[in-house]
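Q: This is the structure, below, for whatever I ask next.
The values are calculated or read from the model by the stated rules, or taken from the named source; none is laboratory data. Quantities reported herein were computed from a predicted structural model and do not represent experimental measurements. For neighbour counting, all protein chains shown are included, and Cβ atoms are generated from backbone atoms with ideal geometry for every residue, glycine included. Heavy atoms of the whole protein, side chains included, go into the accessibility calculation; ligands, DNA and RNA do not. Shrake-Rupley method; radii C 1.70, N 1.55, O 1.52, S 1.80 Å.
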Amino acid sequence: RLVKMASFEEVCACCAPIEPPNRITRVEPKTFLANERTFLNWLSMSVTLGSIASALVAFGKTNASQAGAIQIMSNVLVITAICFCVYAMNTFFWRRRRIRRKDEGSFDDPYGPLALAMVLLISLATTFASGVVKLFENEYVKTTYFSLSPK
């Protein structure tokens, strides 16, 4: 006579697959507000970069000798500000969709802020390099600080 062997799940009830309970997840209003607050903070940074770029354009019109470098700096900062706006909008809508669907899991973006920090670093380095190049092209700076003849 054959004896039926019990399955592992029958012997050890603690290891049996657990079905998730059918419960309603409540989303607090503060979650929506936190998402909006984060969105507004990113937009604030974007507006700050755009304002600096506008100020550089206004300064470049009064200083004709450095107009080319200032135009490059302001263009780079405007592109960076646009990147910040696009990222902020994309992240806001992504989180809002996940909140409304009541998705489980993490709502953070580990790579987006790092990428934006790199874009900002590159834009500031480009701005600095452009300013230094224009500074060394100035004839007064060349003759005063970098002349090889003794005074």
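Q: For the range 111-145, which residues satisfy the criterion of being at pLDDT 85 or above and either within 12 Å of the chain's Cα centre (by Cα) or not in a helix (DSSP H, G or I) (or both)?
A: Y111, G112, P113, L114, A115, L116, A117, M118, V119, L120, L121
Yes/no matrix, rows are residues, columns are (1) farther than 30 Å from R95 by Cβ; (2) touching a Ser or Thr at 6+ places or on another chain (Cβ under 7 Å); (3) open to solvent by less than 50 Å² (accessible area, probe 1.4 Å):
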site	(1), (2), (3)
L33	no, no, no
S46	no, no, yes
I52	no, no, no
I70	yes, no, yes
S74	yes, no, yes
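Q: What number goes with the only condition from (1) open to solvent by 50 Å² or more (accessible area, probe 1.4 Å); (2) touching a residue at least 24 places away in the same chain (Cβ under 8 Å); (3) not aliphatic (A, V, I, L, M) that G112 does not pass?
A: All conditions pass for G112, except number (1).
Q: Sticking with this structure for a sec: Quickly run through the range 94-105 and pick out the residues that are open to solvent by 70 Å² or more (accessible area, probe 1.4 Å), under 28 Å from T80 (Cβ atoms) and without any contact (Cβ under 8 Å) to a residue 24 or more places away in the chain.
A: Matches in the range 94-105: W94, R97.
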